[in-house]
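Just so you know, all these numbers are worked out from the coordinates, no wet-lab data involved. Note that the structure is a prediction, hence the values are computed from the model and not measured. With ideal geometry, Cβ positions are generated from the backbone for all residues, glycine too; neighbour counts draw on all protein chains shown.
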Amino acid sequence: MQATNLAELKELRSFRRGRVSSRSEIRRQLLFRTNYEKLLFSRLATLFRIHINTIAQNFEEGAFFDTSVSARELYQTMSPLIVSFLRRVVINTYRNNEEEYSGGRKAEEAFVFGRHVDVDELVNSYYRGRELVLAGIPANISKKIGKIIMDGRGESLTLAQISSNIRKYIIPMSRSRAALIARTETHGASSFANHSYHDQVRNNLGMNMYKEWVATGDGRTRTTHAEANGQRVHMDDKFQVGGSNMSYSGDPAGGAKNVINCRCVIIYVDERDIVLP
């Protein structure tokens, strides 16, 4: 029993951070997100481009397009890509936290102070909350393709001209959608994983843990998020952000107004830790 108590005490000491720099934490978390955001954007933009080119080519050759079939096929290729990406983000969020609190010792897969975590359950839990929103992206792209075809036929354009318009207008639009998905899902997934990690730390070590909202603090920061800056609540409580209750930055419960393009971070601390500007 004494050995166990000593081990737990060592874990508690290795978690407590004393004074935490919010600026350093913002830089660390945003660097992590930026790298993964670029990766997801590249993969999604390529996937969308291939799909749109195939649709345009098939229409030019056979004058056929079905909006629902297009949306379904695009989602069926997009979904596993995003799930695989989310798994990677969750694993590496856990690894980064584990290495930080263990003094730089390399972590494997996903652990919380040496305890293995069911990554697939975490990913599935997050994805279930995002699936409806993500399914709307392929549906929206397909509807816009259908409108171009309908307008082209109304203007008596040739199949080649309509096909060219599909590529001309939909590919740039799809890149914009890819960028939006990449930003939103990277932020949301990394924030969700960070919150889940620290919630398990709290449960495993029996800590009285708090979380603090930290806004990036520049000209692009929402007024409501700037107002939430420095808000500290207990781990079980919600942040009050722009009239919404949110467990963490990027929490889908905050709605699009609080999630899209958000760059805020959450700092998790023991009750005795101090967060510095």
Item checked: Estimated distance in nm for a label pair at Asp236 and Gln76, the labels positioned 7 Å out from Cα along Cα-to-Cβ -> 4.6 nm
Note to self: Which residue, Thr77, Val123, Ile166, has the largest displacement toward the positive end of the dipole of the chain when charges sit on each Cβ (Lys, Arg +1; Asp, Glu -1)?
What the structure shows: Ile166
Notebook entry, point to check: Using Cα-only point scatterers and the Debye equation, what is log10 of I(q)/I(0) for segment 143-252 at each q in 0.09 Å⁻¹, rounded to two decimals?
Noted result: -0.45
Next item on the list: Using label points projected 7 Å from each Cα along Cα→Cβ, tell me how many nm separate Arg220 and Lys147, to one decimal.
Entry: 2.7 nm
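For Ala253 and Glu61 in the same chain, what is the full-extension length gain: residue separation times 0.36 nm, less their Cα-Cα distance, in nm? Don't jump to the answer; show the numbers that get you there.
Values: separation 192, 0.36 × 192 = 69.12 nm, distance 4.51 nm.
Length gained between Ala253 and Glu61: 64.6 nm.
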Check: What share of Cα pairs, in percent, lie more than 22 angstrom apart in segment 88-185?
Finding: 55 percent
Margin query: Just to be sure I understand the curve: with the Debye formula and one point per C-alpha of the chain, what is log10 I(q)/I(0) at q = 0.12, 0.13 Å⁻¹?
Written below: -0.79, -0.88
Checklist line | Gain on full stretching of the segment that runs from Thr158 to Leu134 - 0.36 nm per residue minus C-alpha separation | finding: 5.3 nm
Notebook entry, point to check: For Ser21 and Asn208, what does the FRET efficiency come to when R0 = 25 Å and r is the distance between their Cβ atoms, rounded to the nearest 0.05?
Noted result: 0.65
Item checked: HN-Hα J in Hz across segment 209-223 - Karplus 6.51, -1.76, 1.60, θ = phi - 60°, x for Gly and Pro -> 9, 10, 9, 10, 7, 10, 7, 4, x, 9, x, 9, 6, 4, 4
Item checked: Relative contact order of the chain, pairs being alpha-carbon contacts under 8 Å that are 6 or more residues apart, as % -> 26 percent
Margin query: Under a Cβ-only charge scheme (Lys and Arg +1, Asp and Glu -1), can you give me the dipole magnitude of segment 155-272 about the Cα centre, in debye to the nearest 20?
Written below: 520 debye
Next item on the list: Counting helices only, and only those DSSP H runs with n ≥ 4, report the 222 nm mean residue ellipticity of the chain as the sum of -39,500 (n - 2.57) divided by its residues, in deg cm²/dmol to the nearest 500.
Entry: -23500 deg cm²/dmol
